[in-house]
1. Taking into account only those residues within the stretch 243-264 that are part of a helix (DSSP H, G or I) and among the charged types (D, E, K, R), which is nearest to R308 (Cα to Cα)?
2. Which pairs have Cβ atoms under 6 Å, sit 6 or more apart or on different chains, and link a residue in the stretch 349-361 that is in a helix (DSSP H, G or I) to one that is among the β-branched types (V, I, T) and modelled with pLDDT under 80?
3. Just need a number here: residues in the stretch 274-285 that are crowded, with 19+ Cβ neighbours inside 10 Å, of a type outside the set (D, E, K, R) and farther than 15 Å from E476 by Cβ.
4. Does the stretch 377-384 contain any residue that is without any contact (Cβ under 8 Å) to a residue 24 or more places away in the chain, out of contact with any Gly (no Cβ under 8 Å at 6 or more places or on another chain) and closer than 16 Å to L444 by Cα?
5. Does L326 fit the bill of being at pLDDT 80 or above and under 23 Å from V422 (Cα atoms)?
6. List every residue pair whose Cβ atoms sit under 7 Å apart, with the two residues 6 or more apart in sequence or on different chains, where the first one lies in the stretch 36-60 and is of a type in the set (K, R) and the second, anywhere, is buried (at least 17 other Cβ atoms within 10 Å of the Cβ).
7. Search the stretch 385-412 for residues being at pLDDT below 85 and of a type in the set (G, A, S), and hand back the single one that is surrounded by the fewest Cβ atoms within 10 Å (Cβ to Cβ).
8. Does L438 meet the test of being buried (at least 21 other Cβ atoms within 10 Å of the Cβ) and not in a strand (DSSP E or B)?
Amino acid sequence: MSRSRMTLGMQLLLLQVAIVLTTVVGTGVTAMLIQERQLREGYQDRMIAVAQSVAGLPVILDAFDDPDPAETIQPVAEVIRHASDVTYVVVANDEGIRYSHPNPDRIGERVSTDPAIPLSGEIYVGTQTGTLGESWRVKVPIFDAAGDVMGQVSVGILESQLRADFLGGLGGLLAALAVAALVGVVGSAWIGRVIRRRIYGLEPDEIRAMLETREAMLHGIREGIVAVDERGRLVLMNDAAARLLEVEDPDAAIGRAVEDVLDPELARFIASGEDRETSVLSGERVLLVHGDRVRVEGREIGSIAILRDRTELETTLRELEGAQSLAEGLRAQSHEFSNKLHVVSGLLELGHVDAAIAFIQRVGSGGALSALEEHDGIADVETAALVLAKRSRAQELGVTFELDADSHLETAADVRERTDLVTVIGNLLDNAIEACVLGGHVTLSVRDDLRPGSVVVRVDDDGPGVPPDRRAAIFEPDVSGKSPAPGKARRGIGLTLVHRVAARLGGEVRVEESPAGGARFVARLPWRGAAAPLADSRSRPESAVGGARR
């Protein structure tokens, strides 16, 4: 079976078995080497002790002066040899003539190996081949009373006996290694089954295909998807979510705490895992967020949120609201003009021509709607259209809307600046109109001729105003002094959006008490328009910007 055709379970089993066997064999060889070394060192210590004890025995030393030293030394050496379990104990004089040997026939002969080292007063340890065969031996010198070397003692054990002792002790070690190998193989097979069960029996190619499909789906859909684990750390963010949340490097955000990456409101909602749908303000975007808990086999492992951008929808709704306001104003104007025509018709039928002319002159410039002309000071078409729509909305709600006589605004070259200004003015006017009751009054001032490169928007109303202790918090999400309105899921988004737009552009927005008795909101934004001289704005006739703007 080729490797490419092996299942993942078989590959894991073979790999782990190879690792287990390599480990067991390596451990066994190391243990054998250590055991052989310990065995040899043990025999060496024993042989040195036996040789030194023989070299120091008085009976051995005294026997060197006898006519036949072997007669005394041989029995003593044999007793010691049998008692210490060594192969031989050989005592020889300084000429190398043996006084003892396991084979009595070798007594009186010269030793078969070089005695130079012990006769020089040093101890020799090593392997040599003698009359009994290859042996591991120790040679120590024998000193007389004057300290001169008068002989040597050689104690050794055959290498064959060492090997036999070593092999005799391997049975337990080999049995332990075999058990370890068996346990390792069985454990490897069990681990392979566990891993296969954890990955649902999938093969690597299937896992890779699933991951590729998952990545393609996650990064291809338009909705943003954000997931966090049970510790509140990001584990998933697709491309749409990164775009909506303005996260430059989503890969770097993975693994970080969700509150360190996202806006606090959105982070709290996602981490809570609430199973509901709500609108959340993230940056300057209004997002529709659906959250839910993620459960695997009945265990909660985190939470997930699906993000949809409602910014364009909110803009469309505002435009629709403006169009509806215009339609209502036109309908009211049509009804009003119809009544006026009836009056004129009646006066003419009664023959009161002068009265009809006077009536036409008196009401000719009225109406529910009036246009903003160029001399009104608002040259930017988008802003003028917005002001016109908000004026109609205010009239529909019974609120008087007035454009300040000194207003001045040239068209900016940057489309984004015009869009941001419309956002700020629209939200401030909505806030002021909703704050007023029937018969209230709202004043708008837009000036780009006060400071080069900036436009100042001021909105005054005679509503309840904002208490000083709440002026700092009024720009936070969900902070509003108004009651919930039908059709609106939440309050406190408009002023937050104004504050964030101003902060992004490097401007500012503040709230203070208005001379009209309510609140005054002042916003300063960058504006690269062609500002007219201050004298020109003040020289416009009041009739062009005064009462006609109401």
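The values are calculated or read from the model by the stated rules, or taken from the named source; none is laboratory data. The structure presented is a predicted model; accordingly, all values stated were derived computationally and were not measured. So basically every Cβ, Gly included, is an ideal-geometry build from the backbone, and we count neighbours across all protein chains shown.
1. Result: R243.
2. Sorted first by the residue in the stretch 349-361, then by its partner, the pairs are A356/V344.
3. The first filter runs over the stretch 274-285 and keeps only residues crowded, with 19+ Cβ neighbours inside 10 Å, leaving 280-282, 285.
So of that shortlist, the ones also of a type outside the set (D, E, K, R) come out as 280-282.
Next cut, farther than 15 Å from E476 by Cβ only: none.
Counting residues in the stretch 274-285 that are crowded, with 19+ Cβ neighbours inside 10 Å, of a type outside the set (D, E, K, R) and farther than 15 Å from E476 by Cβ gives 0.
4. Step one: of the stretch 377-384, the residues without any contact (Cβ under 8 Å) to a residue 24 or more places away in the chain are 384.
Still in the running and out of contact with any Gly (no Cβ under 8 Å at 6 or more places or on another chain): 384.
Those left that are additionally closer than 16 Å to L444 by Cα: 384.
Yes, because at least one residue in the stretch 377-384 is without any contact (Cβ under 8 Å) to a residue 24 or more places away in the chain, out of contact with any Gly (no Cβ under 8 Å at 6 or more places or on another chain) and closer than 16 Å to L444 by Cα.
5. Working: at pLDDT 80 or above: no; under 23 Å from V422 (Cα atoms): yes.
No, not satisfied.
6. R40/W136; R40/L162; R46/S84
7. A385
8. Details: buried (at least 21 other Cβ atoms within 10 Å of the Cβ): no; not in a strand (DSSP E or B): yes.
In short, no.
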